[in-house]
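> Provided herewith is a single structure, encoded as structure tokens, for subsequent inquiry.
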Amino acid sequence: MRDATREIERIARLSYGRLVASLSFRVGSIARAEDALSEALMRALDVWERQGVPKNPEGWLLRTARNKAVDDRRSEARAETYRTEIEMLLESHIEDGQTGIEDPRIRLMFACAHPAIEPRIRAPLMLQTVLGLDSRRIASVYLMSPGTLGQRLTRAKAKIEQSGIPLTLPSEHKEYEARLDDILTAIYAAYAVGANGFGSGDAKATNLASEALWLISTVCAALPSAAEAHGLFALILFTESRRNARFDAVSNTFIPLQQQDVNLWNSEMIRDAEQALRNAQSNLSLGRFQLEASIQAVHAARQTSGYSDWAALQTLYRGLVKISPTVGALTSQAAAEAETGGPEVGLQFLDRIDPRLRETYQPWHATRAHLLSKQGQTEAALSSFDSAIGLSNDPSERAYLMAEKAKLPRS
Amino acid sequence: MQFMLINYTKPSPDATADDVAAAKDDELWGAYTKALVDAGVLVGGEALHPSHTATTVRIIDGVKDLHDGPYADSKEQFGGFYLIEVPDLDAALMWAARNPAAATGAVEVRPVVSF
């Protein structure tokens, strides 16, 4: 009895996105696919409890949902329906396990990254349609009002359907590249949001990080020649390999990269990351994620070499800010420049960043505080630490900043 | 748009008004207020005496009814508020997440009606 419920929960958790993707590819509509699947899940609850869980529960759900969708469309009684139905019959032999651009999840991701979809809703839309995350959880990690996010998601889904955004890959190369870039940006944003919650033990956020990792691995498997996708995969793996070293096991206080115990880094994952980076480099093209992954590769080398190659990092950062001058990249560059040129040089780099970008960017203030304290400018360092503390929304990071501030000599 | 960020904090570690005054300038609240000021979004805000100092007044069927203590006896108490001016709710939520009360109690974000 309980088995049926547990199995349904497991499938809803693990396979929901895959099933929706697979269905919407066939019925041409995300909303219709979601409706059909939720009805199939309801029926499963009833049928499985009485007859036991079928051998291939996902296949059962897919079949039931598909029949449901066909029934619905039939009742809509439009000429177009029959065409779709024939297509569905033709495609019904395509079952799970396909890879490459045939993978419906990839098609769905491309649809979510369509230029007609509002940029800031693309990542949440992918998370919901491909992974089946509920909108309240997405709202919590993205700091959006759950009600507003729900409306935006509904609007975006309606747009995909009404404006006839096809669930196919863009044929034009430029368009393909641009949308792939949006997909990667969305996945990285999801990972970053998730990774920020590790310290506070935020389970929702931690799962999001794993889900982002899963998404990028899917993209890499489907598009083996997309160098930037492999670059991002490597970048996420490098970051992920340090998960256990990023926070103090007892106090949960954040530990910055340079002070991390390299023995806590996952060397197996680092090897996977290095392999992903090599996969990227076999398809020559220079992109932001490959450069960021290369930067992390240099840091990861500290595990075996025992030191950080700051000259190499300086070169990589100079390349990175040329193609992607984000406030994050510029701030990290300033920190790297300070390692080779001294705090004075680092501060000059920090001051050159656009005030509008840096004003509420916490790492800029934290880096500045750090460099000022190295210079012995205690008063200014105190003020910068306060700015960073006030701008932080993460308790473990705040604890770190407060501990650093307390180390300053008191006048 | 103006929003009020209402700080709900754990029942008073600050038992007296002096404690509240001290906490206002302590590291966390002081840093947060400074960040709001530096970003140019702070319109106003106050910290309140601990909730045991509250007196609640009602008039039920014309009969006045007073009692000692706050209106709602909740686990977290209304400890103070910030009034901020930001472009939209998303920006207000970002500031609410930085509010020290978010990590220990709760922060309620309410748009202010403009007349």
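> Just for strands (runs of 3 or more DSSP E) wholly inside segment B:27-115: which have at least 2 residues that are within 14 Å of chain A (Cβ to nearest Cβ), farther than 30 Å from residue A:404 by Cα and in contact with a strand residue (DSSP E or B) (Cβ under 6 Å, 6 or more places away or on another chain)?
Numbers: elements: B:42-47, B:55-60, B:63-68, B:77-85, B:106-111.
So the answer is B:106-111.
> Hey, another quick one. Report, by residue number, each residue of segment A:316-371 that is free of Cβ contacts under 8 Å to residues at least 12 places away in the same chain and within 14 Å of chain B (Cβ to nearest Cβ).
A:355, A:356, A:359
> Among the residues of segment A:44-68, how many are in a helix (DSSP H, G or I) and within 33 Å of the chain's Cα centre (by Cα)? Full working, then the answer.
The initial filter retains those residues of segment A:44-68 that are in a helix (DSSP H, G or I), namely A:44-51, A:57-68.
Among the residues that remain, those that are also within 33 Å of the chain's Cα centre (by Cα) are: A:44-45, A:57-66, A:68.
Going through segment A:44-68 one residue at a time, the tally reaches 13.
> Could you please find all residues in segment A:228-248 being in a helix (DSSP H, G or I) and surrounded by fewer than 20 Cβ atoms within 10 Å (Cβ to Cβ)?
Filtering segment A:228-248 for residues in a helix (DSSP H, G or I) gives A:228-240, A:243-245.
If the condition is that a residue be in a helix (DSSP H, G or I) and surrounded by fewer than 20 Cβ atoms within 10 Å (Cβ to Cβ), then A:243, A:244, A:245 are the ones that fit.
> Looking at segment A:392-411, I want the residues that are within 9 Å of chain B (Cβ to nearest Cβ) and over 17 Å from residue A:373 (Cβ atoms) and have a partner that is β-branched (Val, Ile, Thr) and not in a loop (DSSP other than H, G, I, E, B) with Cβ atoms under 9 Å, at least 6 apart or on another chain. Which pairs are those?
From residues that are within 9 Å of chain B (Cβ to nearest Cβ) and over 17 Å from residue A:373 (Cβ atoms), the pairs are A:395/B:104; A:398/A:389.
> Quick check on residue B:11: is it more than 29 Å from residue A:382 (Cα to Cα) and under 16 Å from the mean Cα position of the chain (by Cα)?
Values: more than 29 Å from residue A:382 (Cα to Cα): yes; under 16 Å from the mean Cα position of the chain (by Cα): yes.
In short, yes.
> Under 6 Å between Cβ atoms, at least 6 apart or on separate chains: pull out the pairs that start in segment B:78-90 with a residue that is farther than 12 Å from residue B:2 by Cβ and end on any residue that is of a type in the set (S, T, N, Q).
B:79/B:7; B:79/B:9; B:80/B:7
> If you check residue A:62 against the conditions, is it modelled with pLDDT of 75 or more and closer than 16 Å to residue A:131 by Cβ?
Details: modelled with pLDDT of 75 or more: yes; closer than 16 Å to residue A:131 by Cβ: no.
Judged against the criteria, residue A:62 is not a match.
The values are calculated or read from the model by the stated rules, or taken from the named source; none is laboratory data. Quick caveat, the model's predicted, so the values are computed rather than measured. Because the Cβ atoms are built from the backbone with ideal geometry, glycine has one as well, and the counts that use them run over all protein chains shown.
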